[in-house]
Structure formats: structure tokens, C-alpha cells
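Heads up, the thing below is written out as C-alpha cells.
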């Protein structure tokens, strides 16, 4: 992924979207209730990002951040793109501001669980609930002095593709069950990743998500899908490209 290091570049919004979509965890900031003196509270959460960039969380009612959200739904989520840098403050990080609300949407639940299969163990517990964060504002720090606020309309300049969210589960299942070799090629030849048993866990208009045990990867498309039918053509084209690359 190209780092969103220069806020003046016209493709910076896509870089920001890719950074957000390529992370499976974030720092969640909430405001503790008044009886806790309304202190800011930060915690680590697992996250899956929906097609419209809305973060999806699975939280326990017993957690401090859940109690805080019940009192004040305003939250922020920090997505860190500085890993592996010798000077982390030169790297990109993005903070999403929005309001969290419980969600019973089965599609969101399944999208989260594909990205975090181990969460199946506790997702059905009574004291765990899914939350969707409705995006209101985004703040990008692309490095020293490269800072800007981003309005939702700018960040979502490429809106979700109608019908893809509803087709996603079928596409992912088909690829993993019938074309596991292709998924493996995406990981090893196009992304240069090691290991076997990579699986696809998601596909959106601008790319696809892969997972192998605790490792995740993001493969961005050259251009956004224009129709749901384009997904198949793009996936086939990526296989041809991977085979042309040859083994490393």
C-alpha cells in the first residue's frame, strides 16, 4: 500500500481508505461516564471495516468502553500505519470520529467474523454486542507537518458498490472452497507473502482482504469495481497476473 504521506496528492483519499481497510485492530477512545470524572479512556479493539468504511466492533457489556458508549456514543478510532518504521512519527495514522450504536445486522456480524474467526467463540454470549460506528469526520497525520481533516464526502469519493455487500459472502465462500489455489497465489506471488492456507475474508469495491491465522493482508485493485460482475473478471485477471509473475 502506498503510504498517505502527502495530503496534497489527489489519491490521498484512496491511500487513507486502504490504510483503514488494511488494519484489523484499532485504538478506541471513549469518554468515561460522569461518575468516573469523564476521563478520556483508550483501549485496543478488533475491528472490521464495512463497505462504507464504517468500523464494526464486537464489545462486551462489561468493558469500560461499552459503559462509556452507553453514556456517550461519540468515539474515535486510531488506525496506525507506522509499523516497521525506524521513525514511527514519519508514518501515517488516521483517526476516525463517529458515533457508535449497537447493531443486529447479520451481514455486519458475518463480515466481522470472517475477519476475526476466533471471535466465534464468544460472539454469541449474551453480554457481547456488535456495534457500528457511523463516520462523521476523519483526521489524517501523514508524517511531520502533513496533517489535515477529511470530510466524509471526500473520504468516500468512491462510494460502496450497490449489491456487492450482499454478494460478498457468496464470492468469498466460492473463492475459498473452489479456488483456494488462486487465493494462495494472490498472497504469495502478488503480495510476496510466505506460508500456506491463506483465505479470502472480504472483498469490497477497491480490493480484497486475506488472512492466515493471525496474519492479515490487503490486495488493492488497480481500479474500483464498476459492477458486481466485475468482481469475477478482476479476480480471474489477478490469477493470470500472479501466474505470470512465477514463483519467487
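No lab work stands behind these numbers, since they all come straight from the coordinates. Bear in mind that the values here come from a model prediction, so they are computed numbers and not experimental data. Cβ placement follows ideal geometry from the backbone for every residue including glycine, while neighbour counts extend to all protein chains displayed.
Using the scaling law 2.2 N^0.38 Å as the reference, what is the normalised Cα Rg of the chain? Show your work: numbers first, answer last.
Numbers: Rg = 18.4 Å, N = 248, 2.2 N^0.38 = 17.9 Å.
Cα Rg divided by the expected 2.2 N^0.38 Å: 1.03.
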Q. Once fully extended, how much extra length lies between residue 80 and residue 25, figured as 0.36 nm per residue of separation less the alpha-carbon to alpha-carbon distance?
A. 18.9 nm
Q. Quick one: 206, 106, fewest Cβ neighbours within 10 Å first, how do they rank?
A. 106, 206
Q. When you count, for each residue, the other Cβ atoms within 10 Å and take the mean per peptide, how do 37-46, 159-168, 135-144 rank with the highest first?
A. 135-144, 159-168, 37-46
Q. Do you know the relative contact order of the chain, to the nearest whole percent, from alpha carbon pairs under 8 angstrom that are 6+ apart?
A. 17 percent
(Q) What is the distance in Å between the Cα centroid of the stretch 90-112 and that of the stretch 167-241? (A) 21 Å
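Between residue 227 and residue 176, what FRET efficiency follows from the Cβ-Cβ distance if R0 is 25 Å, with the result rounded to 0.05?
Given R0 = 25 Å and the Cβ-Cβ separation, E is 0.65.
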Q | the chain: most fluctuating residue of 211, 126, 232 per GNM, C-alpha cutoff 10 Å | A | 126
Q | Theoretical FRET efficiency, 1/(1+(r/R0)^6), r = Cβ-Cβ of residue 237 and residue 41, R0 51 Å, to 0.05 | A | 0.65
Q | Point-to-point label distance, residue 166-residue 118, nm (Cα→Cβ direction, 7 Å offset) | A | 3.5 nm
Q. How much FRET efficiency would the formula 1/(1 + (r/R0)^6) give for residue 104 and residue 190, where r is the Cβ-Cβ distance and R0 is 45 Å, rounded to 0.05?
A. 0.75
Q.
Please rank 18, 226, fewest neighbouring Cβ atoms within 10 Å first, as an exposure proxy.
A. 226, 18
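Expressed as a rounded percentage, what relative contact order does the stretch 164-243 have, with Cα pairs under 8 Å and six or more residues apart?
26 percent
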